[in-house]
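Contents: one structure, followed by commentary.
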Amino acid sequence: MEENMKKKYALLSVLLLLMVIILPVLAACDNDSGTTDSQGRTKIKFWYWGSLAEKKVYEELMDRYMEENENVIIVPTHYESNIYMTNFQGENPKPDVFFMPDTDFLSWADAGIMEDLLPYCTQEELNSVWPKAMDEYYYDVETHTLGKSANAKLYGFPKDLGPVTLVYNETLLDKQIAANGLNKQDVYKLLDPRTPMTWAQFTQLLVDLTKDQKGLSKADRIYGIPYYEMDACLYSNNANYFYENATKQGIDNNFIQAIAFNIQLATVYDVMPDADFSGSTDAYTRFLSNKSIFTWMGPWDNADFWDYKSLKYNIVPVPYGPAEGAQSVSFVGSMCYGVSAKSKVKEEAVKFAKWLSMSKSCQELSVSLGQQVPNIIEMVNDYVSADWDVQPANRSVFIDIIDDHTDSLGLYAASGKQDMVSGKTRALYYTYDSTWRTNLLNYLNTSEAWKMKSTEDITNLLINYRSQLQSDLDNMNKRFKN
């Protein structure tokens, strides 16, 4: 009997050991996006970011996809934007489908972790989307060349194009017009969606709208604008941080003029919070709490703004500077849906990413929820139609920024006005990392540039930084290309 008991205990020990070994494996398999769930559905691991409003949008999009594809279950992971890439970098294996911002695309495409998506597409599908959106995610690994070319591969489907421009709080604007005795018709004439303001006109408008605020405390007063986007500022004065594929620094006279304009909005004209106060409240909070007449927005901000039922707002093109050849050129942010080159469910992952980017079903829902302008070109007329009674009324400005002077809506031909509105991909897209930009901003901060009033002082400060910017670009290119 004692011998039988020993055998039973031995058998029990073996079974327990097997359970210890097998259960974690089964659990790992169940959590692995490369397997099916208990109902036999293919699991696709999807990483994304966004505000709470954007998160709700994507929850609806994922639900819609799973309704249309009952053999699939999406396993989402949502992060705040400021920690997304840090977590992505540490994640191995990578999720099957993931957000990849344009600012990080170059280094990750070069690293070989993203699947070439070109074999999964027809030419008709590729042609249905804005060229500016699709062409951005081609890359030739051999020549380190961004954009569409003979040997380039397609490493992402565009999530959207994010044209960023000025938005104004219409209720607050009207209040300030009345408070300062301005002519409402004259003010709104400057806010023409087809005729961008010059920097001089915009500055004077902000000065006129905030005259009654002089003498009030920083916390109590209304500002014209909470900050000025640096990329849009440079681009709209025919300037840039660098030239020749980010190999030559760009601190020239146009660059200096643009940075001086930006700084002096606060230090000379007092229409923007100064360096000591600008960080006390974020721009959106300042705008939504009626403490700033203008701020900056992209199409995705509608998902948040529409929740503020009392907010009346509209958009206008970015003002442009006095440099020769300058026009209204805002920056266009973007993101793509990448697919892991090592995904175990690659076919289904690509299908999901393509649906998010190019299907009418997804685009119609995403646009209706205030997430984006449509990727699909033929949907644009419906997007800007007056029959769609949503804000902003001047939605056509978003399209002007991304259509590269093609007058895709025919509005300039109809009005007889010159198309001076366009957009350019933000600068970080063209570089392997952001060290050069971080160092530039740190230099401006530590040298107290944002407190300078004198154009001469700002000029000397930037001229002295030319060699450092060139060195940062040289080191970056040497580090990644060799």
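Can you tell me the 0 to 90 degree angle between the C-alpha axis of helix 170-179 and the longest principal axis of the chain, rounded to 10?
20
May I ask you to list the trypsin sites (Lys or Arg not before Pro) in segment 55-95 that are in a DSSP loop and have at most 13 other Cβ atoms within 10 Å of their Cβ?
none
Using the count of nearby Cβ atoms within 10 Å as a rough guide to exposure, how do Asp474, Asp102 rank from fewest to most?
With the fewest neighbours first, Asp474, Asp102 line up as Asp474, Asp102.
Taking Lys211 as the anchor, which lysines have their alpha carbon closer than 30 Å to its alpha carbon, excluding any fewer than eight residues away along the same chain?
Lys175, Lys184, Lys189, Lys291, Lys309, Lys312, Lys451, Lys453
Run the simple label-point estimate for Val141 and Phe480 please: 7 Å along Cα→C-beta, distance reported in nm.
With each label placed 7 Å out from Cα toward Cβ, I get 1.6 nm.
Quick one: angle between helix 81-90 and the longest Cα principal axis of the chain, in degrees between 0 and 90, rounded to 10, please.
Result, in degrees: 40.
Please report the antiparallel percentage of DSSP beta bridges with both residues in the chain, rounded to the nearest 5.
Once the DSSP bridges in the chain are tallied, antiparallel ones form about 60 percent.
Can you quote the Å³ per residue value for the convex hull of the Cα atoms in segment 322-469, rounded to an integer?
199
Where a Cα-Cα gap under 24 Å defines reach, which lysines qualify for Lys424, not counting those fewer than 8 residues away within the same chain?
Lys132, Lys148, Lys153, Lys159, Lys248
If the viscosity is 1.567 mPa s and the temperature 4 °C, what translational diffusion coefficient in µm²/s does Stokes-Einstein give for segment 165-271 when Rh comes from Kirkwood over Cα pairs?
My calculation gives 84 µm²/s for D.
I'd like the distance separating the alpha-carbon centroids of segment 234-292 and segment 301-360, in whole Å.
First find each Cα centre; the distance between them is then 22 Å.
Which GluC sites (Glu not before Pro) from segment 303-408 combine a DSSP loop assignment with at most 13 other Cβ atoms within 10 Å?
Glu324
Counting pairs of alpha carbon atoms under 8 Å apart in space and at least six apart in sequence, what relative contact order in percent does segment 355-402 give?
About 24 percent, as a whole number.
Please rank Arg286, Arg41, fewest neighbouring Cβ atoms within 10 Å first, as an exposure proxy.
Arg41, Arg286
For the chain, what relative contact order do you get, as a whole percent, if you take Cα pairs closer than 8 Å and at least 6 residues apart?
22
What is the spread of the Cα atoms of the chain along each of their three principal axes, largest first, in whole Å?
103, 54, 51
Helix-only mean residue ellipticity at 222 nm, the chain, DSSP H runs n ≥ 4 weighted -39,500 (n - 2.57), per residue, nearest 500. What is it?
-13000 deg cm²/dmol
In nanometres, what is the gap between the two model label sites at Lys211 and Ser289, each 7 Å from Cα along Cα-to-Cβ?
2.8
Below 14 angstrom from the Cβ of Gln371, what's the summed charge of the other residues (Lys, Arg +1; Asp, Glu -1)?
In short, -3.
Taking the number of other C-beta atoms within 10 Å as the exposure measure, put Phe105, Phe398 in order starting with the fewest.
The most exposed by this proxy come first: Phe105, Phe398.
Give a quick list of GluC sites (Glu not before Pro) in segment 109-174 that DSSP marks as loop, anything other than H, G, I, E or B, with at most 12 other Cβ atoms within 10 Å.
Glu142
Straight-line reach only, C-alpha to C-alpha below 16 angstrom: list the aspartates and glutamates that Lys56 could link to, leaving out same-chain residues fewer than 8 apart.
Glu80, Asp301, Asp304, Asp307, Glu364
On a 0 to 90 degree scale, rounded to 10, what angle separates helix 346-358 from the longest Cα axis of the chain?
The helix 346-358 is inclined about 20 degrees to the chain.
All of the numbers you see were taken from the coordinates with simple rules; none came from a lab. Keep in mind it's a predicted model, so treat the numbers as computed, not measured. Ideal geometry is used to build each Cβ from the backbone, glycine not excepted, and the neighbour counts take in all protein chains shown.
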